Amino acid sequence: MSNTPSLEFTLGTLMIELRKVMMRSLARAGFQLSPPQTQLLQMIGVEPGISAGALARRSGRDKATITRMLAPLVADGWVLRSPDPDDARRQQLSLSGDGMEVLRKIRRARLRAHEEFFSALSSEEKQQLSGLLQKCLPDAE
């Protein structure tokens, strides 16, 4: 039996540690947001007009959780809600000007966090790891 931890254990530990590094980086940038909230801002920034339901499907969370996560982003004026012209029951989400600036700062903080976290790997090792992990994604061929 090997002394090497299992893949399951290693990935779980990596996720926990990456979250810690990410939270520190966001705090240094002046944000008290969770990594999932930063992901929501990124998804809205990439697809203005997206609905909370679509965010829920793409993030694997339920709509109630997404709504709770969006509430402070809306209250801070970073995310705007507007009625969907094609479906009165649905609201479209977009970033305000302030929200776009916040997203730029968050992207820089996330990049710094990833650079810090993966600093032990060479560029070649990072590319290899990325390639291997891509194979595990649902859209991988």
- Task: Hey, could you check region 51-65 for residues that are touching a residue at least 24 places away in the same chain (Cβ under 8 Å) and in a helix (DSSP H, G or I) and say which is nearest to Gly77 (Cα to Cα)?
- Result: Ala52
- Message: Looking only at residues that are among the hydroxyl-bearing types (Ser, Thr, Tyr) and assigned to a helix (DSSP H, G or I) in region 82-141, which one is nearest to Ser34 (Cα to Cα)?
- Response: Ser130
- Only one of these conditions is not met by Arg90: (1) closer than 16 Å to Leu14 by Cβ; (2) in contact with an Asp or Glu (Cβ under 6 Å, 6 or more places away or on another chain). Which number is it? (1)
- Message: Among (1) over 30 Å from Pro138 (Cα atoms); (2) surrounded by fewer than 14 Cβ atoms within 10 Å (Cβ to Cβ); (3) without any contact (Cβ under 8 Å) to a residue 12 or more places away in the chain; (4) of a type outside the set (Asp, Glu), there is one condition Arg68 misses while meeting the rest; what is its number?
- Response: (1)
- How many residues are assigned to a loop (DSSP other than H, G, I, E, B) and either at pLDDT 95 or above or at positive phi (or both) if we restrict to region 14-50? 4
- Note on the structure: By residue number, the members of region 18-34 that are surrounded by fewer than 16 Cβ atoms within 10 Å (Cβ to Cβ) and under 11 Å from the mean Cα position of the chain (by Cα) are Arg19, Ser34
- Query: For the subset of region 35-59 comprising residues that are farther than 23 Å from Ala109 by Cβ and not hydrophobic (A, V, I, L, M, F, W, C), which member is surrounded by the most Cβ atoms within 10 Å (Cβ to Cβ)?
  - Reply: Ser51
- Task: Return yes when Ser123 is hydroxyl-bearing (Ser, Thr, Tyr), over 26 Å from Met15 (Cβ atoms) and more than 14 Å from the chain's Cα centre (by Cα) and no when it is not.
- Result: no
- Message: Within region 114-123, does at least one residue satisfy the condition of being under 23 Å from Ser25 (Cβ atoms), aliphatic (A, V, I, L, M) and without any contact (Cβ under 8 Å) to a residue 40 or more places away in the chain?
- Response: yes
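Listed here are the residues, each with its yes/no results for (1) within 30 Å of Leu132 (Cβ to Cβ); (2) touching a residue at least 24 places away in the same chain (Cβ under 8 Å); (3) among the charged types (D, E, K, R).
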residue	(1), (2), (3)
Thr10	yes, no, no
Ser34	yes, yes, no
Arg90	no, yes, yes
Ser96	no, no, no
Gly99	no, yes, no
Val102	no, yes, no
Ala109	yes, yes, no
- Run Ser2 past the list (1) at pLDDT 95 or above; (2) of a type outside the set (D, E, K, R); (3) outside any helix (DSSP H, G or I) and report the number of the one that doesn't hold. (1)
- Query: Only one residue in Leu33, Leu40, Leu70, Leu18 is of a type in the set (A, V, I, L, M) and over 29 Å from Lys126 (Cβ atoms), so which one is that?
  - Reply: Leu70
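The values are calculated or read from the model by the stated rules, or taken from the named source; none is laboratory data. These numbers come from a predicted model, not from an experiment. Every residue, glycine as well, gets a Cβ built from its backbone with ideal geometry; the counts of neighbours run over all protein chains shown.
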